[in-house]
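Read through the structure below, which is laid out as structure tokens, and then see the notes.
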Amino acid sequence: MSVPENIPPYDVRRGDLRFACGAPESRVVYVDNDPLVLTHARALLTSSPEGATDYIEADARDVDAILEGAAATLDFTQPVAITMLGILPFIGDDEEARGIVSRLLAAVPAGSYLAITHSTSEVSGERVIEAVRQWNQVAPTPYTLRNPEQITGFFAGLELVDPGMVPCPRWRPDPQDADSAKDMDEFCALGRK
């Protein structure tokens, strides 16, 4: 379950994460509230005999709608991967953000995974803080930076998969790229329930 989806950067020939990951038998549900993403999803995301793909038009804050819609495609008695890639910075209230993650995790069984990417100011410091300040002056949805410890808090009760909470380029880089990976202000982690 991908909350939000954004325009899928996956295998555009098939338009589907199932094929991009080499698992056409998977069942995938994308969630977003952006009309452009919905148009793209309708054009590219299709089910096949091997598995299923669905798209739910919902705000990340509407956990009930997400879970109800996803239940039509996903079997919540089986492990589920929840990906929240770049959405939590748009949920400024820490308690609300933790509540969303907790409610999604409560709906999935042991063996499920949670993947999060989230912006910080750990690498660029004041430069990224100023960029976010300027964004927040004009954007309809404010953006919130969190430090790695705050982001790690979303994984409470989960086992973090190695290497834990790190800048995205340092999360399991290809061996030939490991020494050249540059730190960035986007951190990520994967946790197992």
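Once phi is turned into ³J(HN,Hα) by the Karplus curve 6.51 cos²θ - 1.76 cosθ + 1.60 with θ = phi - 60°, what whole-Hz value does each residue of the stretch 144-151 show in order, with x for glycine and proline?
10, 8, 10, 7, x, 5, 5, 5
Could you go through the stretch 121-137 in sequence order and give the Karplus-derived ³J(HN,Hα) for each residue, using 6.51 cos²θ - 1.76 cosθ + 1.60 with θ = phi - 60°, rounded to whole Hz, and x for Gly and Pro?
10, 5, 9, 9, x, 4, 4, 6, 4, 5, 4, 5, 4, 5, 4, 5, 6
Hey, can you grab everything whose amide H is under 5 Å from the amide H of Ala81? Only 5+ residues off in sequence or another chain; H modelled, so Pro and N-termini drop out.
Residues meeting the criterion, in which the H sits 1.01 Å from N, are Tyr113.
Along Cα→Cβ, 7 Å out, is where each label goes; now give me the distance between the ones at Ala131 and Ala115 in nm to one decimal.
Calculated label separation equals 2.3 nm.
What residues qualify as long-range amide H neighbours of Tyr30, i.e. H under 5 Å apart, gap of 5 or more or another chain, H built at 1.01 Å from N?
Excluding prolines and chain starts, which carry no amide H, the hits are Ser2, Asp54, Tyr55, Ile56.
Per the Kirkwood definition applied to all pairs of different Cα atoms, how many angstroms is the hydrodynamic radius of the stretch 17-192?
Working: mean 1/r = 0.0568 Å⁻¹.
Final number for the Kirkwood radius of the stretch 17-192 is 17.6 Å.
Can you tell me how much longer the chain between Asp179 and Arg192 gets when fully stretched, taken as 0.36 nm per residue apart minus their C-alpha distance, in nm with one decimal?
On the way: separation 13, 0.36 × 13 = 4.68 nm, distance 2.72 nm.
Additional length available on full extension: 2.0 nm.
Can you classify the stretch 107-150 as rounded, prolate or oblate using the Cα gyration tensor, where a ≥ b ≥ c are the square roots of its eigenvalues, rounded means a/c under 1.5, and otherwise it's prolate if a/b beats b/c and oblate if not?
Values: a/c = 4.60, a/b = 1.93, b/c = 2.39.
Since a/c reaches 1.5 but b/c is at least a/b, the shape of the stretch 107-150 is classed as oblate.
Values quoted throughout were computed directly from the atomic coordinates according to the rules given, and no laboratory measurement underlies them. From a predicted model like this one, the values you see are computed outputs, not experimental measurements. Reconstructed Cβ throughout: ideal geometry from the backbone, glycine too, with neighbour counts over all protein chains shown.
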